[in-house]
Amino acid sequence: MADHAAHTDGHAEHKLEIFRGLVKFKSNTQKIWGVLIFLSLVTIVEVALGYIKPDSLNAHFLGLKLLNWIFIILTIVKAYYITWDFMHMRDEVSGLRRAVVWTGVFLIVYLIAILLFEGEYIYQVYKNAAVSFDF
């Protein structure tokens, strides 16, 4: 019995806030809707930018168009936030949070960088080569 009481007392309540306490909710249901709305807004911005493709975002920065950087950053924000809220990383000890979240963020950024730089290299080979390659 004492073990059961200690077990139930040891559970932490899930925090009913997002954006480091800037927005607070009264229930888990409201919080889920709030997170859904936030993630939906980010997705709507991504889709709108992908559809419109503003000319002002075609300038290059660090080898990529600004539009591509915006897509990468917004995707990382969504992945981080999904991990933070839906996987309840905010309720874990800081060491586990850092190990899970930052390792994932680093690997995603690293993969994106490799794919984009190698893709640009292959593009330049096709564009400037005198002989076409069959892969």
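Side notes on the structure shown:
- Of all residues in the range 109-128, those satisfying the criterion of being closer than 20 Å to Tyr80 by Cα and of a type outside the set (Val, Ile, Thr) are Tyr110, Leu111, Ala113.
- Counting only residues that are of a type in the set (A, V, I, L, M), free of Cβ contacts under 8 Å to residues at least 40 places away in the same chain and within 16 Å of Val45 (Cβ to Cβ), the range 61-110 holds 8 of them.
- Those helices (runs of 4 or more DSSP H) lying entirely in the range 43-135 with at least 3 residues at pLDDT 85 or above, among the aliphatic types (A, V, I, L, M) and out of contact with any His (no Cβ under 7 Å at 6 or more places or on another chain): 66-81, 103-128
- Subset of the range 1-31 (residues that are aliphatic (A, V, I, L, M) and either at pLDDT 80 or above or in contact with an Asp or Glu (Cβ under 6 Å, 6 or more places away or on another chain) (or both)): Ala12
- Selection from the range 75-97 of residues that are under 10 Å from the mean Cα position of the chain (by Cα), farther than 20 Å from Gly119 by Cβ and of a type in the set (A, V, I, L, M): Val77, Ala79, Ile82
- Any chance Lys78 is surrounded by 12 or more Cβ atoms within 10 Å (Cβ to Cβ), under 23 Å from Val35 (Cα atoms) and out of contact with any strand residue (DSSP E or B) (no Cβ under 6 Å at 6 or more places or on another chain): yes
The values are calculated or read from the model by the stated rules, or taken from the named source; none is laboratory data. The structure displayed is predicted, hence computed values, not measured ones. For neighbour counting, all protein chains shown are included, and Cβ atoms are generated from backbone atoms with ideal geometry for every residue, glycine included.
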